[in-house]
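Please read the structure below before turning to the comments.
A short reminder: the numbers here are calculations on the coordinates, not readings from a lab. Here the structure is a predicted model, which is why all the values come from computation and not from measurement. A quick note on method: Cβ atoms are made from the backbone with ideal geometry, for glycine too, and the neighbour counts reach across all protein chains shown.
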Amino acid sequence: MKKLILSVFLLSGIVLFSSTNAQAQFAVKGGANFANFNDTDASTDTRTGFMGGITYGFQVPFSPVSIQPGVFYAQKGVTSSSGLGDAEVKLDYIEIPVVAKVDFILDNPLFTPHVLFGPYVGFNINSDVEASVGDNSSSVNVEDQVRTTDFGVVVGAGADISRFNVGVRYSAGLRDVIDMENASAKNGVFSIVAGIYF
């Protein structure tokens, strides 16, 4: 929790600094996450979840590049099915990405495609496993077996259409999610995102 508070203050400082040094743009964004594990021997399927949050971008002077720090709530994890039943690993995070967005300037001022890339850090706020066998189901908290922080990289592409934004992105975790010996699994999430600028 202390790291989360420190990161939020750091993000606030970036926002305040940017607002005094460049043209800033605030946005609210949301969309769908399609999450799974990378670098694992386990057989898992995609978990579909929600992601949403805010970004605060500011333009780098004399360039098509803007820097966009943000704060997001992101649902990740996996699902698994077998002859014994179904299971869903629910891993929810508060994520702070800081991405560089590169615009491709066209003759049409209302349509601007872009690519983006940058690092993120995530703080786990929920770790549950829900299992069902026939008509019976149960939920178990597994926070003691999940690392409290995650970090990785984000790449994506999209377009600004007037005040609206649409895009896709992929987040690749660089740290093992499971805090256990001989266990390897990293978050991998494909997202479809839409937003509006203010």
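For this structure, a couple of remarks:
- Helix 2-21 axis, angle to the chain major axis (alpha carbon atoms, nearest 10°): 20 degrees
- By the beta-carbon count within 10 Å of each Cβ, the least crowded to most crowded order of F164, F198, fewest first, is F198, F164.
- Where Rh is the Kirkwood radius over Cα pairs, Rg/Rh for the chain: 1.03
- Most fluctuating residue given options A183, A74, A100, as computed from a GNM of the chain linking Cα atoms under 10 Å: A183
- Electrostatic dipole magnitude of the stretch 2-197 [Cβ: Lys, Arg +1; Asp, Glu -1; Cα centre; debye, to 20]: 820 debye
- Dipole axis of the chain (+1 Lys, Arg; -1 Asp, Glu on Cβ), positive-most option in Y170, P113, T148: P113
- In order through the stretch 89-94: 3J(HN,Hα) via Karplus (6.51 cos²θ - 1.76 cosθ + 1.60), integer Hz, x for Gly, Pro: 8, 9, 10, 10, 9, 9
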